[in-house]
Amino acid sequence: MTGEPVEIAELILASASPRRLDLLRQIGIVPGAVDPAELDETPKKGELPLPHAMRLAEEKARAVAARHPGKFVLAADTVVACGRRILPKAEDERTAKRCLSLLSGRRHRVHGGIALLTPEGYLHTRSVTTIVTFKSLDHGEIAAYLASGEWHGKAGGYAIQGSAAALVRYLGGSYSNVVGLALFETAQLFKGVGLHGH
């Protein structure tokens, strides 16, 4: 694929994440509009990480589609999980520190849910799981990462596309899923409904 990304006027991105917008540009697509769903993202009692990601992606797509009849709506959700435990989005340094301490020296999973709703109301979904292992972090490394501020608003308290990349010892699966949107699966969804970039 070559050339500038193509704006697809009939596509709405149901996300405020600048990372998801950048990722779409990588596969040659610029949505016609961005309209975040802004739902309550609290997990339901007993809800497991992957079903949680899938539910939120679908709910975001449906909420935004109601405001944009006749359009395609792309929504996604990213969940960082240690076992069955869903890690929060770090909005303060204490939460980020707790997440990093928990992830230190351990393997965790990043679950991505992707939902594409067509103008006719058909829902197409994909789920993606990436395995990530952090090196053992000492207090100095945690403190340095907290000082960077990159953790703010990020699931699990880290952003792999920033300096946290130096903390990742192993990654198995989709890298773009950890950033916020699995590109291979998203491109396949687009292809399936006849949307093309570049």
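The values are calculated or read from the model by the stated rules, or taken from the named source; none is laboratory data. Being a predicted model, the structure only gives us computed values, none of them experimental. When the accessible area is computed, the model is the full protein with side chains, heavy atoms only, and any ligands, DNA or RNA have been set aside. Shrake-Rupley method; radii C 1.70, N 1.55, O 1.52, S 1.80 Å.
The figures follow:
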quantity	calculated
Within a Gaussian network of the chain (alpha carbon springs, distance under 10 Å), most fluctuating of H108, H152, H139	H139
Relative pair counts by distance (%), Cα atoms of the range 48-153, 5 Å bins	2, 13, 19, 17, 16, 12, 10, 7, 4, 2, 0
Reduced Cα scattering model of the chain, Debye log10 I(q)/I(0), q = 0.09, 0.13, 0.19 Å⁻¹	-0.33, -0.68, -1.29
Percent carbon-and-sulfur accessible area, the range 11-90, ignoring ligands, DNA and RNA, probe 1.4 Å	53 percent
Per-residue SASA entry for I142, accessible area with 1.4 Å probe, Å² rounded to 10	10 Å²
The chain: angle of helix 49-65 to the longest principal axis, Cα-based, in degrees nearest 10	40 degrees
Cα shape, the range 19-81, gyration tensor, a/c 1.5 rule	oblate
In order through the range 94-101: 3J(HN,Hα) via Karplus (6.51 cos²θ - 1.76 cosθ + 1.60), integer Hz, x for Gly, Pro	4, 5, 4, 5, 4, 4, 4, 5
Per residue value of the accessible surface for the chain (all protein chains in place, 1.4 Å probe), Å²	48 Å²
Accessible-area order (highest first, 1.4 angstrom probe) of the listed residues V6, V128	V6, V128
Accessible surface of the range 96-180 [probe 1.4 Å, protein heavy atoms]: carbon and sulfur percent	51 percent
